[in-house]
1. Going highest first, how would you order 43-50, 188-195, 93-100 by mean Cβ packing within 10 Å?
2. What does the net charge come to around Glu111 if you take all other residues with beta carbon closer than 15 Å to its beta carbon, with K and R at +1 and D and E at -1?
3. Can you tell which of Val187, Gln206, Gln177 lies farthest toward the positive end of the dipole of segment 167-207, using +1 and -1 charges on the Cβ of basic and acidic side chains (Lys, Arg; Asp, Glu)?
4. Using only Cα atoms, tell me the angle between helix 98-107 and the longest principal axis of the chain; keep it within 0 to 90° and round to the nearest 10.
5. Using a simple spin-label model with points 7 Å from Cα along the Cα→Cβ vector, what separation in nm is obtained for Glu74 and Glu151?
6. R0 = 22 Å: FRET efficiency of His82 with Thr123, Cβ-based, nearest 0.05?
7. In segment 58-118, which GluC sites (Glu not before Pro) are in a loop and have at most 11 other Cβ atoms within 10 Å, using DSSP for the loop call?
8. Looking at the chain, send over the antiparallel percent of its DSSP beta bridges, to the nearest 5.
Amino acid sequence: MPITPTALAVARAAKGFMPDAEGIALYDAGQAGGRLGPLLEIGTYCGKSAVYLGCAAQDSGTILFTVDHHHGSEENQAGWEHHDPEVVDARSGRMDTLPFFRRTIEDAGLEHAVVGVLGDSPTVGRYWTTPLGFLFIDGGHAEDVAMTDYETWAPHVVAGGVLAVHDVFDDPAAGGQAPLHVWQRAVADGFSPTATTGSLRTLRRQLGARTSGARARSRRRPGGAPRR
Ligand code: SAH
Ligand code: MG
């Protein structure tokens, strides 16, 4: 099922960092993963990518959780490359993208399929237990922040599930290297690369891969007992 023209128009009009072709690739990957479980995004900003992923969730009969504290990453703050003064809250002087996100999802008619989770990604992750069919990592791009997002959330991706990483650049001149390092780590951990669209890379967790739960169960098996 292709993404609807209304949703596409809303996604295009929303503030954010997701070119059309990458958004469509995200939608396709989200649909593939959505057959196996809910979708989760780190880095909502104003909801642009959440429209593509919300449509994918809706079309595969699940939902999208999208996690953000809505105060912006380091690179979104005043004086940095990706700053937009329109998203600064006049009262506090801090960034606040939450109202923009709410409007984007409302305009796209996706409130039934998109659940905003307001908070710091590692903090939310500490309490998270739901297995995921799809994970999109597009939060803070500092090395420790991006790697913590991977370490926090990737263990929740089910066997056969999809991992997508944004802003992956081989050439340091084209962009920061943290997302590339996350992608390399995922490959080393057994995720298989499936596609590249612009700076978006998707991977799939091996079918039959053991989840963290399965590893814990196998450790409890008496030593040397034959597998059945
Ligand atoms: N996916 C968006 C862009 C995300 S920009 C789009 O399509 O346009 C990165 C976002 O990550 C910012 O909104 C920032 O607030 C959020 N972020 C950065 N560090 C975070 C953290 N530790 N916890 C939650 N959100 C974080
Ligand atoms: Mg991005």
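Laboratory data are not the source of any read-out in this text; all were calculated from the coordinates shown. Computed from a predicted model, the values in this text were never measured in an experiment. Don't worry about glycine lacking a Cβ; one is built from the backbone with ideal geometry, like all the others, and counts go over all protein chains shown.
1. Descending mean neighbour count gives 43-50, 93-100, 188-195.
2. Summing Lys/Arg as +1 and Asp/Glu as -1 gives 0.
3. Of the listed residues, the answer is Gln206.
4. It works out to around 90 degrees.
5. 1.6
6. 0.40
7. Within segment 58-118, the qualifying GluC sites (Glu not before Pro) (loop, at most 11 other Cβ atoms within 10 Å) are Glu81.
8. For the chain, the DSSP antiparallel bridge percentage is about 40.
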